[in-house]
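The values are calculated or read from the model by the stated rules, or taken from the named source; none is laboratory data. Small disclaimer: the values here were computed from a predicted structure and weren't measured. Every residue, glycine among them, receives a Cβ derived from its backbone with ideal geometry; neighbour counts consider all protein chains shown.
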Amino acid sequence: MLSYLFSNPLLFFVYLVALLVAIAVHEFSHAYAADYLGDPTPRLAGRLKLNPLVHIDGLGLLFLLFFGFGWGKPVGFDPYNLKNPRKDAAIISLAGPFSNFVLAILLSLILRLTSAYFLLVPMISLNVILGVFNLLPIHPLDGFKIVGGLLSDEKAHEWYQLERYGMIFLLMLIFPFGGSSMLDIIIRPVTSFILNFLIPSSLGNGII
């Protein structure tokens, strides 16, 4: 993405805006789900907004620009305010990726009705990538808590023992071996499959 800054500054700006929108929608959805389920923590922290500035982590954004992976500012919630802490935590976690997929689908419909592919294709692709990435069942990604909410109490206890190793697993996936990372090998086929449905090939060529 950073390479566009020198080769195509306008496209870099479009991708940057698309990235900020995708992160803001993702984190806002976490906050909204938590608030809806009875926990006011995100609202009191000022996270119940679509303003990207309240959801961006500076270091995480720099990592995204330079290395192609990064993070937004996590939305904190208090499980003691939830009626069913583990299952509600799974719903809150699912809300982020789900919102990215919904936004990608809506933008795909608009893309078919307009000629704004220069703006819409990057927004669709980044929302899909962000949604798929966060569904990986590795702490601190959303998929970890989603899986935890689906398991029985006994299995969930065993599952959460893996939380301490999450960053190790994630770094192993991100670290490149032989020119590509395991993360890319896992995610690229899934994102490509979804994007083939959302973006007509005649419009996506040369932009993604």
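Of the residues that sit in the range 37-73 and are without any contact (Cβ under 8 Å) to a residue 40 or more places away in the chain and among the charged types (D, E, K, R), which one is nearest to Leu141 (Cα to Cα)?
Looking at the filtered set, the residue picked out is Asp57.
Going by the structure shown, is Ile92 over 22 Å from Val190 (Cα atoms), β-branched (Val, Ile, Thr) and in contact (Cβ under 8 Å) with a residue 60 or more places away in the chain? Give the steps one after another, and end with the answer.
Values: over 22 Å from Val190 (Cα atoms): yes; β-branched (Val, Ile, Thr): yes; in contact (Cβ under 8 Å) with a residue 60 or more places away in the chain: yes.
When the stated conditions are applied, Ile92 passes them.
Taking the conditions exactly as written (over 28 Å from Asp184 (Cβ atoms), surrounded by 14 or more Cβ atoms within 10 Å (Cβ to Cβ) and among the aliphatic types (A, V, I, L, M)), does Ala34 satisfy them or not? Can you show your working first?
Details: over 28 Å from Asp184 (Cβ atoms): yes; surrounded by 14 or more Cβ atoms within 10 Å (Cβ to Cβ): yes; among the aliphatic types (A, V, I, L, M): yes.
Yes.
Which one is surrounded by the fewest Cβ atoms within 10 Å (Cβ to Cβ), of the residues in the range 159-169 that are farther than 26 Å from Ala33 by Cα and of a type outside the set (A, V, I, L, M)?
Residues of the range 159-169 farther than 26 Å from Ala33 by Cα: 165, 168-169.
With of a type outside the set (A, V, I, L, M) added as a condition, the list becomes 165, 169.
Details: Tyr165: 12, Phe169: 17.
That would be Tyr165.
Residue under question is Ile138, and the condition is that it be in contact (Cβ under 8 Å) with a residue 12 or more places away in the chain and more than 23 Å from Gly72 (Cβ to Cβ); does it hold?
Working: in contact (Cβ under 8 Å) with a residue 12 or more places away in the chain: yes; more than 23 Å from Gly72 (Cβ to Cβ): no.
Criteria not met by Ile138.
Leu150: more than 14 Å from the chain's Cα centre (by Cα), among the aliphatic types (A, V, I, L, M) and modelled with pLDDT under 90, yes or no?
no
Scan the range 170-183 for residues that are without any contact (Cβ under 8 Å) to a residue 40 or more places away in the chain, part of a helix (DSSP H, G or I) and surrounded by 16 or more Cβ atoms within 10 Å (Cβ to Cβ) and jot them down. Steps first, please.
Initially, the range 170-183 is screened for residues without any contact (Cβ under 8 Å) to a residue 40 or more places away in the chain, giving 170-173, 175-182.
Keeping just the survivors that are part of a helix (DSSP H, G or I) gives 170-173, 182.
Those that are without any contact (Cβ under 8 Å) to a residue 40 or more places away in the chain, part of a helix (DSSP H, G or I) and surrounded by 16 or more Cβ atoms within 10 Å (Cβ to Cβ): Leu170, Leu173.
Which of the residues that make up the range 184-203 are surrounded by 10 or more Cβ atoms within 10 Å (Cβ to Cβ) and among the hydroxyl-bearing types (Ser, Thr, Tyr)?
The answer is Thr191, Ser192.
Assuming Ala45 fulfils every condition listed in (1) within 26 Å of Phe12 (Cβ to Cβ); (2) surrounded by fewer than 17 Cβ atoms within 10 Å (Cβ to Cβ); (3) modelled with pLDDT of 95 or more apart from one, which condition is it?
With respect to (1) within 26 Å of Phe12 (Cβ to Cβ); (2) surrounded by fewer than 17 Cβ atoms within 10 Å (Cβ to Cβ); (3) modelled with pLDDT of 95 or more, Ala45 is out only on (1).
Taking Ala95 as the residue in question, decide whether it is aliphatic (A, V, I, L, M), over 16 Å from the mean Cα position of the chain (by Cα) and within 19 Å of Asp142 (Cα to Cα).
no
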